[in-house]
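Please read the structure below before turning to the comments.
The values are calculated or read from the model by the stated rules, or taken from the named source; none is laboratory data. What you are looking at is a predicted structure, and each value in this text was computed from that prediction instead of being measured. Please note: Cβ atoms are built from the backbone with ideal geometry, for glycine as well, and neighbour counts cover all protein chains shown.
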Amino acid sequence: MLKESKKLISTVAKNFDFVLFYTKYNLASAMEFRFNFFSQVFFMIINDTMFLLLWYFFFEHFGKLNGFGFQEMIAIWIFAAGSFGWVNAIFGNANNLGKIISNGGLDFYFTFPKNHLLHALVSKTDLSAWGDLIFALLAFVLFFPLTLYSCVWLIVGWFFSSLILLSFYILVGSLSFWLGRNEVLHNNLMHAFIAFSSNPSSVVQGFLKFFIFFVIPAGFATFLPAELLQTFALDKFIYVVIFSIIFFIITIFIYNRGLKKYSSGNLINIRS
Amino acid sequence: MEKIIEVKNLNKEFTSKIKLSGFRNSLKALFKPEYQQMKAVDNISFSVAKGEKVAFIGPNGAGKSTTIKMLTGILYPSSGEIRVDNLVPWQDRKKLAFKIGTVFGQKPQLWYHLPAMDTFYLFGKIYELDQAKFQKRLNFLIDKFQVREFVNQPVRKLSLGQRMRCEMIASLIHQPKILFLDEPTIGLDVVAKQQLREVLNLMNKEEETTIFITSHDAGDLEKIADRVIVIDRGRVIFDGTVKNFKDKYAWYKLIDLELADNHASEKLNLRGVKILAQDKLSLKLEVDIKKISVKEVIDKLLNIYQIADITIAEMPMEEIIANIYEQNLQKIK
Amino acid sequence: MNKIYRKLNKYFSIFKVSVMDRLAYPLELLYSNIFILLITLVMSGVWRVVYANQPDKIISGFSLAGMIWYVFMTELILTSNPSIIGEIGEEIKSGNVAYALAKPYSFVGYYFGSILGKTFINFITKLFVGVLVLICFIKLPSLNLFIIFAVIIAIILALVLNFLVSATCSLLAFWVEDVDSMRFIYQKILFIGGGLLFPLDVYPIFLQKILHYLPFEGILYGPARTFVNFDLAYWQALVLRQTIWIFIFIVLIKIVYAQGIKKVNINGG
């Protein structure tokens, strides 16, 4: 039992090292075209600010809805933009996983002595995502009190939020194992997730609430973490942690099923 | 003979911003940019007669693409004259567009998800062709290029060779007088290349279509062209027939031998044969084909050695051209 | 006369081929409905809460059902367009724009035909599916033959205008490298200026006045409002404004393109 745990820890540590290295490498490569990098980051910050501005006007006009106002909107964005930033900056290929699978691109990663999925995901960085990250941090610093609790929860919340988003990317990407080239479906689903996590959809009632938690898990990814930023609530915290872990496990399970199909070679037609 | 392309003292210079690395330099470049001039085409002149098949070759960056872009009206020259079918390309661009066909290897014209037939009909409209004439022409081309079987299948389902034949039809629908091809055989397999060349020769024979092709491929040179223009560093360094080209510049062949044993009945001593490398069971020879024929050499080799395998290679195209350039450089010096 | 017909027919043929291209994968057309239905669904939930809690802040003329149609309409117009700046910008960045010079059509004209072809099919499918789904839950706004005609005109002008404005921005790719940023900044400006998800009437008055003089109102808000809450005077003014903007941008495109293509010549692209 001890040996197993030690092995697990060392694998995690090695992979963590690998991810850190790749991230630094990707960032360094991006710096070759420094101007382009800063331009993308800068404009993404502007982009997110404009989006938030849209909702500012909304709440200016309508006031708070069931206690949900602009401050809550910012909290949501800290986690929506934050998780989007973290995931796409480090795992820059997350959005391309579906394409990689349908093009037979996974084969390349099998030849290396690293977990192929991890490798495929980290081998690229999305430059503008760094802008989302900086925006999220700025929003936090400017609009929320910097207490020990809020700073700690920022990091922890970002972690679980990103875990859910990353799982969702992998889940949607895995569809390619069965459907082949499916760019339109992929984009519609990802777009839906991001839209849900960045609208004040947490105010909805009834059946829709179920929808935004369990059909597109934006609720767990952004709304609960956002609420927890303002005040701690044990039940919400547990929901977030448990859901993200279970969702991740389910996603990996589905991915592996797809992988088995892929490796059986029955997908030759997909690769053409 | 009627000259369909005339190029006189053509020059093209490009200005580009000097971009140094580093953030500070990027900022500087934004506010106080520095430029450098690059001469892509340096005083070239040539002419092409109607119905000729010209291969326009040279190493990368020699100015081939730039020249062809000026001939088709995409770029205009810094100085010099060009006349294509008596039109000045960059001035009468749209008029010229009706008379020329283009095949740019890197940029396919067929809509990928639709059958080639749809693209053909589209081109019919783009080139403003009369309906009846268009139909007749289309049927003629489809039969000649033998694509009827798959012309109604989505292009993405076709093999490269089939796709190429359809690309050719698309560029020939409006019966252009000249066909400009820029690296059309790039990435094609042997069969596809062969099909393409057959089709080009066919059009040239049947309709006197002038063919102007830039290429890196020795096969294009040998199987299509009757004339070769070699360009390097923006200058023409050879302009003549393919035969002259080979006679003048391809002077050796390589013979690679694998021996069954290292027993030689006599020493190899032939005039014009140089031993490049020798091992226990292998031998690499350079044969100067101006001094001795390959047949003679092989006859001798069969007598001397126990041969397990033999490979004969031509002097690589790159080397031929590099050789030409060397000679050119010597001449300058 | 025949010559002019053939010249225009050229671009219409490109439009037709683009439509066919899009129809090559009917399943994809079905999938493309997913997002718009989801976002309309969620926003309808949000609006339900708004209308329940703040009845005094209701936008005049917009009932709850009307507001949901508004969301649907603005999203419909927005998502029918493929990424115009992305497509044209990439062609310019890669230098492929030059190849159009050797063909007997104009670069922008070609994209006008092909992008509007895609837009048309996207729009029709999403409209059809969306209306079918929504009328199961809410009533259609009051329509008659004239209103339908008016809406169609407003939408066609809106789609053409969106193409022209986007295309003009995309031509900046001749000078600017970061096409991606251009893409999403334009989108955000359109969101805000066009009133995506909620009508411009929600904005403070000073902002509404400014936006009135920009083309974006005519792209999203105008047609959507015409559909939800038809007003003859507003519609007439809208169509006039859209037409004027269309002319302005046609001129702008010609100027910017001429400058840009010159640059390709100087730098070799």
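Looking at B:100, B:68, B:74, B:82, just one residue is free of Cβ contacts under 8 Å to residues at least 24 places away in the same chain and β-branched (Val, Ile, Thr), and that residue is B:74.
Among the residues of region C:105-128, are any at positive phi and within 14 Å of chain B (Cβ to nearest Cβ)? Within region C:105-128, none of the residues are at positive phi and within 14 Å of chain B (Cβ to nearest Cβ).
Scanning region C:88-100 for residues being of a type in the set (D, E, K, R) and buried (at least 19 other Cβ atoms within 10 Å of the Cβ) gives a total of 1. Where helices (runs of 4 or more DSSP H) sit wholly within region C:82-190, those with at least 1 residues that are touching a helix residue (DSSP H, G or I) at 6+ places or on another chain (Cβ under 9 Å) and of a type in the set (Phe, Trp, Tyr) occupy C:107-134, C:145-170. Residue A:40 fulfils the conditions (1) part of a helix (DSSP H, G or I); (2) more than 30 Å from residue C:204 (Cα to Cα); (3) more than 12 Å from chain C (Cβ to nearest Cβ) except for a single criterion, (3).
Can you name the residue in region C:178-192 that is at the interface with chain A (Cβ under 7 Å from one of its Cβ atoms) and not small (Gly, Ala, Ser) and is also surrounded by the most Cβ atoms within 10 Å (Cβ to Cβ) among such residues? Only one residue tops the list, namely C:178. When B:145, B:46, B:140, B:134 are checked against the criterion of being over 30 Å from residue C:28 (Cβ atoms), in contact (Cβ under 8 Å) with a residue 60 or more places away in the chain, of a type in the set (Phe, Trp, Tyr) and assigned by TED's automatic domain parsing to the domain that holds residue B:8, a single residue qualifies: B:46. Of the residues making up region B:114-130, those that are part of a helix (DSSP H, G or I), free of Cβ contacts under 8 Å to residues at least 40 places away in the same chain and within 9 Å of chain C (Cβ to nearest Cβ) are B:118, B:121, B:122, B:125, B:126. Summed over region B:34-68, the residues that are acidic (Asp, Glu) and either touching an Asp or Glu at 6+ places or on another chain (Cβ under 6 Å) or over 18 Å from residue B:240 (Cα atoms) (or both) give a count of 2.
For residue B:110, are the conditions met, namely being at pLDDT 90 or above and out of contact with any helix residue (DSSP H, G or I) (no Cβ under 7 Å at 6 or more places or on another chain)? When the stated conditions are applied, residue B:110 does not pass them. Residue B:298 meets all of the listed conditions (1) at pLDDT 85 or above; (2) surrounded by fewer than 15 Cβ atoms within 10 Å (Cβ to Cβ) but one, namely (2). Considering only region C:203-210, I want to know if a residue exists there that is modelled with pLDDT of 90 or more, within 14 Å of chain A (Cβ to nearest Cβ) and within 20 Å of residue C:162 (Cα to Cα). Checked region C:203-210: at least one residue is modelled with pLDDT of 90 or more, within 14 Å of chain A (Cβ to nearest Cβ) and within 20 Å of residue C:162 (Cα to Cα). Restricting attention to region A:100-114 and to residues that are touching a Lys or Arg at 6+ places or on another chain (Cβ under 8 Å) and in contact (Cβ under 8 Å) with a residue 24 or more places away in the chain, the residue that is farthest from residue A:258 (Cα to Cα) turns out to be A:103.
Considering each of A:167, A:128, A:201 in turn, give the residue that is free of Cβ contacts under 8 Å to residues at least 60 places away in the same chain, surrounded by 17 or more Cβ atoms within 10 Å (Cβ to Cβ) and among the hydroxyl-bearing types (Ser, Thr, Tyr).
Values: A:167 fails: free of Cβ contacts under 8 Å to residues at least 60 places away in the same chain; A:128 fails: free of Cβ contacts under 8 Å to residues at least 60 places away in the same chain.
Only one candidate passes the filter, namely A:201.
Could you count how many residues in region B:66-98 are of a type in the set (Gly, Ala, Ser) and more than 9 Å from chain C (Cβ to nearest Cβ)? Residues meeting the conditions: 3. Scanning region C:27-41 for residues that are small (Gly, Ala, Ser) and assigned to a helix (DSSP H, G or I) returns no hits.
What do you reckon, is residue C:261 within 20 Å of the chain's Cα centre (by Cα), part of a helix (DSSP H, G or I) and either touching a residue at least 12 places away in the same chain (Cβ under 8 Å) or away from chain A (no Cβ under 13 Å) (or both)?
Judged against the criteria, residue C:261 is not a match.
Each residue in region B:48-61 was checked for being crowded, with 24+ Cβ neighbours inside 10 Å and either within 14 Å of chain C (Cβ to nearest Cβ) or part of a loop (DSSP other than H, G, I, E, B) (or both), and 1 of them qualify.
Filtering region A:217-235 to residues that are under 17 Å from residue A:68 (Cα atoms) and acidic (Asp, Glu) leaves only A:227.
The set of residues in region A:166-213 being within 7 Å of chain C (Cβ to nearest Cβ) and among the aromatic types (Phe, Trp, Tyr) consists of A:196 alone. Going through (1) surrounded by 17 or more Cβ atoms within 10 Å (Cβ to Cβ); (2) not in a loop (DSSP other than H, G, I, E, B) one by one, residue B:77 falls short only on (2).
Taking the stated definitions as given, is residue A:60 free of Cβ contacts under 8 Å to residues at least 60 places away in the same chain and either in contact with a Ser or Thr (Cβ under 8 Å, 6 or more places away or on another chain) or within 23 Å of residue A:156 (Cβ to Cβ) (or both)? For residue A:60, the condition - free of Cβ contacts under 8 Å to residues at least 60 places away in the same chain and either in contact with a Ser or Thr (Cβ under 8 Å, 6 or more places away or on another chain) or within 23 Å of residue A:156 (Cβ to Cβ) (or both) - is not met.
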